[in-house]
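S.K.: Pasting a structure here, questions to come.
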Amino acid sequence: MLDRHSQTKHSIIEEYVKQYILTLMAPAHIPELRLSIIDGFSGGGCYQTEDGQLADGSPVLIMRAVREARALLNLNRRVPRDINVEYFFVDILQETTSYLRNILNAKLGENSIDQTDLQKTQIFTNNFLTLLPSFLQKIKLRKRGERALFVLDQYSYKDIPLPEIAGILSNLKGSEIIMTFNIDNLTTYLSDRAANRKPLENIGLDKYIPWEQLKTLKATRRREWRQIIQKHLAYGIKMEARAKFITLFFVKPFGSNSWGYWLIHLSNSYRAHAVMKSLHWEHATEFGHELEPGIFVLGYDTNNDSDYTKQNTFEFSEPSSKKACIDGVQEYFGQTIFQLDKPIQLADLFESCVTNSTAAEPHLMEAVCQLHSSKNIIVVSKDGVKKRINKSYNLSDVIEPSKQISIFGYKSDDE
């Protein structure tokens, strides 16, 4: 049975794969993209929804997204651009992988996926972690093909040790990971017992739990202790995965269910991060988090306890959310720029905060625009031209406190 959580997750994965390809192929001169997509917990490719309808599983959605991206890129082109994808689908159950083979063949017959993609598909009946070293080796040996997207919709938070995630990101320079993490399942039974600590030790997160404070937190902070633990775990995931960029947001529950699991995206590419963050806002009704709306701090600081524990759940779809996000980012930018007291490129400023923010790139640009409108800062192009206030800027632009304008003597584009 496919619940509403999973349908949301699947739609994000499908849309991300398409946008991922279109972004990588945005420069029109690139003739080919070589990519590997690994679905480590693929399932059988077809599910029944809660209302009794049939829905495609992640392997079908991924292949359909590739097909759509390929068609868009080659629309009205004489010389086609090649999207060369190798697929690795893994499930531990023989009946599931057999069913997946049948589903993919049926989808080909329906003209829902491309023949070229099915020919480059390998289906494995095994444990994903057992096969991971061979996958990494195959991808590294693929000429111009180290770009890889891992989709890890794990059955339990215990299934993917974070050192393995770090290994993927460090071994494959073009790798990204989309994974789920059942935070509700973890926190519900969390206690300072060996049976609880061992699974967290196995995945690399036990040292991020304040075990000595746990009993007191549960007794005295009945409403907030889960949020406090979430901050610790989010920080642990970021540190152990060693990803430069991470999005970590709740998939919004349906009905009276709790905020049960995170959809996490890990990469070392700002552009990839920006694409995923934009999708969270496009699907605003489906996502939220329980941290600050602008710039948040992962981990838990008892010195800032009162600021944090009064924090309401941030829902992307709330009318006030966008403004709260931009206001928080603007405040951070202002503090950072004036503390730094020297020019900084927008790309570096954005990268310094995006992992710790709900903001997508348009929100970051709006925060810069508002600061620019205040006349407290100036923005200069890479060619040294002082820029007018604008709704959008280039990542190569440089921003600095306006008090330095007389020192550097920039020329203005309105002079």
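The values are calculated or read from the model by the stated rules, or taken from the named source; none is laboratory data. This is a predicted model, so every value here is computed, not measured. Note that we place each Cβ from the backbone using ideal geometry, even for glycine, and neighbour counts take in every protein chain shown. Keep in mind that these areas ignore ligands, DNA and RNA; they rest on the heavy atoms of the full protein, side chains included. Shrake-Rupley method; radii C 1.70, N 1.55, O 1.52, S 1.80 Å.
Let's see how each residue does on (1) closer than 21 Å to residue 250 by Cα; (2) open to solvent by 50 Å² or more (accessible area, probe 1.4 Å); (3) of a type in the set (S, T, N, Q):
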| position | (1), (2), (3) |
| --- | --- |
| 13 | yes, no, no |
| 38 | no, no, no |
| 45 | no, no, no |
| 53 | no, yes, yes |
| 75 | no, yes, no |
| 92 | no, yes, no |
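S.K.: From the list 70, 64, exactly one residue is surrounded by 19 or more Cβ atoms within 10 Å (Cβ to Cβ), farther than 22 Å from residue 175 by Cβ, at pLDDT 95 or above and not aliphatic (A, V, I, L, M). Which is it?
M.R.: 64
S.K.: Now for a different question. Is it true that some residue in region 74-85 is over 29 Å from residue 260 (Cα atoms), touching a Lys or Arg at 6+ places or on another chain (Cβ under 8 Å) and free of Cβ contacts under 8 Å to residues at least 40 places away in the same chain?
M.R.: Checked region 74-85: at least one residue is over 29 Å from residue 260 (Cα atoms), touching a Lys or Arg at 6+ places or on another chain (Cβ under 8 Å) and free of Cβ contacts under 8 Å to residues at least 40 places away in the same chain.
S.K.: When the residues of region 200-210 are narrowed to those that are closer than 13 Å to residue 233 by Cβ and not aliphatic (A, V, I, L, M), which ends up most open to solvent (accessible area, probe 1.4 Å)?
M.R.: 207
S.K.: Let me ask something else. Being of a type in the set (S, T, N, Q) and either surrounded by fewer than 19 Cβ atoms within 10 Å (Cβ to Cβ) or touching an Asp or Glu at 6+ places or on another chain (Cβ under 7 Å) (or both) is the filter here, so list the residues in region 326-354 that pass it.
M.R.: Residues satisfying the conditions are 335, 336, 339, 345, 352.
S.K.: Need the failing condition index for residue 113 against (1) open to solvent by less than 30 Å² (accessible area, probe 1.4 Å); (2) within 30 Å of residue 203 (Cα to Cα); (3) in a loop (DSSP other than H, G, I, E, B), just the number.
M.R.: Of the numbered conditions (1) open to solvent by less than 30 Å² (accessible area, probe 1.4 Å); (2) within 30 Å of residue 203 (Cα to Cα); (3) in a loop (DSSP other than H, G, I, E, B), the odd one out for residue 113 is (2).
S.K.: Go through region 1-109 and tell me which strands (runs of 3 or more DSSP E), entirely inside it, have 3 or more residues that are touching a Cys at 6+ places or on another chain (Cβ under 9 Å).
M.R.: By residue number, 54-56.
S.K.: So, one more: Kindly check whether there is at least one residue in region 181-194 that is more than 24 Å from the chain's Cα centre (by Cα), farther than 24 Å from residue 277 by Cβ and open to solvent by less than 20 Å² (accessible area, probe 1.4 Å).
M.R.: Yes, there is a match, as at least one residue in region 181-194 is more than 24 Å from the chain's Cα centre (by Cα), farther than 24 Å from residue 277 by Cβ and open to solvent by less than 20 Å² (accessible area, probe 1.4 Å).
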